[in-house]
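Input: a single structure, listed below in structure tokens.
The values are calculated or read from the model by the stated rules, or taken from the named source; none is laboratory data. Everything numeric here is computed off the predicted structure, so don't read it as measured data. Here the Cβ is made from the backbone with ideal geometry for all residues, glycine too, and neighbour counts use every protein chain on show. SASA here: full protein model, heavy atoms, side chains in, ligands and nucleic acids out. Shrake-Rupley method; radii C 1.70, N 1.55, O 1.52, S 1.80 Å.
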Amino acid sequence: MNTNQRAGALQGIRVLDLSRILGGPLCGQILGDHGADVLKVEPPQGDDTRAWGPPFQDGVSSYYRGLNRNKRLQFLDLSQPEGQQAVLALMEQADVVVENFKIGTMEKWGIGWEQLRERFPRLIWCRVSGFGADGPLGAWPGYDAAIQAMTGLMSVNGEAGGDPLRVGLPVVDMVTGMNGVIGVLLALQERQRSGLGQLVDVSLYD
């Protein structure tokens, strides 16, 4: 990954990227592409997409490299007290947190948005989930292909008279990641006026 910071519109903004797979990392990657200092925190075994290949370069997939360029890297086990204390120290220095854990996971560890909003009032928290935290599908895990089917996107793809067909690109994840970026930029602008951060809550199903 390229750790050389380039000047950009977001220079000086510090992003803590706790996400993995696609939607969250894409959000962090776009912020990094525009000058934010992005620190990606991965579990000790690394992001799953490191193995999503071929092609590979030095044992790491191009899929992973494409979503995590312009990021610094640190490994922490957030399920353990030592990792939780370390990430709290990182949050104290961050402007933005991006995470896409299953709803309730970070809360179980004591490091969720509701638990920390008063401690870090300026922090902007971007939560990427499958279906959001409430409603009839709230807290369910979400996957691009399943949500393409559930929302009817597959029904308008494929050959006339044929079966529904998955769109070739992971378009649900990609649009969700971009929606996350839009929400973060809006929250940064609002913080200029109010001095307060907020929760940017984006879901794949939306």
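Would a scan of segment 55-63 turn up a residue that is in a strand (DSSP E or B), open to solvent by 30 Å² or more (accessible area, probe 1.4 Å) and of a type outside the set (D, E, K, R)?
The first filter runs over segment 55-63 and keeps only residues in a strand (DSSP E or B), leaving 56-57, 60-61.
Those still in the list that are open to solvent by 30 Å² or more (accessible area, probe 1.4 Å) too: 56-57.
Restricting the remaining residues to those that are of a type outside the set (D, E, K, R) gives 56-57.
Checked against the condition, which is being in a strand (DSSP E or B), open to solvent by 30 Å² or more (accessible area, probe 1.4 Å) and of a type outside the set (D, E, K, R), segment 55-63 yields at least one hit.
Does segment 168-176 contain at least one residue that is assigned to a loop (DSSP other than H, G, I, E, B) and open to solvent by 70 Å² or more (accessible area, probe 1.4 Å)? The answer is yes; a qualifying residue exists. The combined condition, being under 14 Å from the mean Cα position of the chain (by Cα), free of Cβ contacts under 8 Å to residues at least 60 places away in the same chain and under 22 Å from residue 105 (Cβ atoms), is fulfilled by residue 183.
Whenever a residue of segment 33-44 is more than 17 Å from residue 124 (Cβ to Cβ) and at pLDDT below 95, it has no partner that is open to solvent by less than 10 Å² (accessible area, probe 1.4 Å) and assigned to a helix (DSSP H, G or I) lying with C-beta atoms less than 9 angstrom away and at least six residues away or across chains. Restricted to strands (runs of 3 or more DSSP E) entirely inside segment 70-132, those with at least 1 residues that are open to solvent by 20 Å² or more (accessible area, probe 1.4 Å) and out of contact with any helix residue (DSSP H, G or I) (no Cβ under 7 Å at 6 or more places or on another chain) are 71-75.
Of all residues in segment 94-123, those satisfying the criterion of being closer than 19 Å to residue 140 by Cβ and of a type outside the set (Val, Ile, Thr) are 99, 100, 101, 102, 104, 106, 107, 108, 112, 113.
Could you please give the count of residues in segment 34-48 that are in contact with a strand residue (DSSP E or B) (Cβ under 6 Å, 6 or more places away or on another chain), open to solvent by less than 70 Å² (accessible area, probe 1.4 Å) and not acidic (Asp, Glu)? I'd like the intermediate steps shown before the answer.
Of all residues in segment 34-48, those in contact with a strand residue (DSSP E or B) (Cβ under 6 Å, 6 or more places away or on another chain) come to 36-42, 44.
In the following step, the residues that additionally are open to solvent by less than 70 Å² (accessible area, probe 1.4 Å) were identified as 36-42.
After this cut, where a residue has to be not acidic (Asp, Glu) as well, the list is 36, 38-41.
Of the residues in segment 34-48, 5 are in contact with a strand residue (DSSP E or B) (Cβ under 6 Å, 6 or more places away or on another chain), open to solvent by less than 70 Å² (accessible area, probe 1.4 Å) and not acidic (Asp, Glu).
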